[in-house]
Amino acid sequence: ANTLLHRQRRLPDRDYQRLLNRSRITFTSLSPLDLTGTRYYEAMASRSLVLCQASPLYEQLGLFTPDEHCVPVREDLADFDAALTTYLDDDEARRAIIDAAYEHVMTHHTWAQRVQTATETIRTQLLG
């Protein structure tokens, strides 16, 4: 598997999906340009708890709410071990965030929802 990953420079989609589905917790961070990628939503939709880089952007852009839909950790990762241990040990707390994140993503962040939002925005801009 490691040889395959090095040759392809990324995990094949099916293997990535299986890995997410098996993961209780996923860590992701903003891109170098402070963009959120699909990894956040894929992990949430796979019912994996998302530990992510703390940032005000999530709420400012209306993407999701830290501590409700994900667990923010400091950029220097000083609190990463504590957060990881807490949510590995506390199934109830982990499940509450996972369930809220899943509902939020399935309601607001599916590709169908994104297309609908884009279509409405374009119509509004064109039709006034």
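The values are calculated or read from the model by the stated rules, or taken from the named source; none is laboratory data. Predicted, not measured: the structure shown is a model, and the values here were computed from it. Note that we place each Cβ from the backbone using ideal geometry, even for glycine, and neighbour counts take in every protein chain shown. Heads up: the accessible areas ignore ligands, DNA and RNA and are worked out on the full protein's heavy atoms, side chains in. Shrake-Rupley method; radii C 1.70, N 1.55, O 1.52, S 1.80 Å.
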With every protein chain left in place and a probe of 1.4 Å, what is the accessible surface of Thr107, to the nearest 10 Å²?
70 Å²
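Based solely on its DSSP helices, what 222 nm [θ] is calculated for the chain when runs of n ≥ 4 H residues each add -39,500 (n - 2.57) and the sum is averaged over all residues, nearest 500 deg cm²/dmol? Each step should come with its number before you reach the end.
On the way: 7 runs with 74 residues, N = 128.
The helix contribution divided over the chain gives -17500 deg cm²/dmol.
Once you have a ≥ b ≥ c as the square roots of the Cα gyration tensor eigenvalues for segment 57-128, tell me rounded if a/c is under 1.5, and otherwise prolate or oblate according to whether a/b is larger than b/c.
Numbers: a/c = 4.60, a/b = 2.24, b/c = 2.05.
The shape class here is prolate.
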Cα gyration tensor category, rounded, prolate or oblate, for segment 34-84 with a/c compared to 1.5
oblate
Using all alpha carbons of the chain, what is the percent of pairwise distances in each 5 Å bin, ordered from the shortest bin to the longest?
2, 10, 17, 20, 19, 15, 9, 5, 2, 1, 0
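If you roll a 1.4 Å probe over segment 1-102 with all protein chains in place, what percent of the accessible area is carbon or sulfur?
Numbers: 3240 of 6550 Å².
Whole-percent figure for carbon plus sulfur exposure: 49.
What does the accessible area per residue of the chain come to in Å², with a 1.4 Å probe and no ligands, DNA or RNA counted? Display every interim value, and only then the final one.
Numbers: 8790 Å² over 128 residues.
Heavy-atom SASA per residue in the chain reads 69 Å².
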Using 0.36 nm per residue of separation minus the Cα-Cα distance, give me the extension gain between Arg95 and Gln116 in nm, one decimal.
4.6 nm
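For Thr38 and Thr86, what does the FRET efficiency come to when R0 = 25 Å and r is the distance between their Cβ atoms, rounded to the nearest 0.05? Don't skip to the answer; put the middle values down first.
Details: r = 26 Å, r/R0 = 1.05.
Step by step, r from the Cβ atoms, then E = 0.45.
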At a probe radius of 1.4 Å, what is the per-residue accessible area of Glu103, in Å² to the nearest 10?
100 Å²
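Ranked from the most accessible area to the least, with a 1.4 Å probe and all protein chains present, what is the order of Ile25, Ile97, Ile122? Provide the component values of the computation, followed by the final result.
Values: Ile25 35, Ile97 10, Ile122 100 Å².
Per-residue accessible area, sorted high to low, gives Ile122, Ile25, Ile97.
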Which longest run of the chain has no exposed loop site in it, a site being trypsin sites (Lys or Arg not before Pro) in a DSSP loop with at most 12 other beta carbons within 10 Å, and the site itself not part of the run?
11-73
So how much accessible area does Asp15 have, in Å² to the nearest 10, using a 1.4 Å probe?
60 Å²
Normalising by the residue count of the chain, find the relative contact order in percent from Cα pairs under 8 Å and 6+ residues apart.
20 percent
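So if we plug the beta-carbon distance of Arg74 and Leu11 into 1/(1 + (r/R0)^6) with R0 = 30 Å, what FRET efficiency do we get, rounded to 0.05?
On the way: r = 27 Å, r/R0 = 0.90.
Calculated transfer efficiency: 0.65.
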Starting from segment 27-86, pick out the chymotrypsin sites (Phe, Trp or Tyr not before Pro) whose DSSP state is loop and whose Cβ has at most 15 other Cβ atoms within 10 Å.
none
So, counting K/R as plus one and D/E as minus one, what does the shell of residues with Cβ under 12 Å around Ala83 add up to?
-3
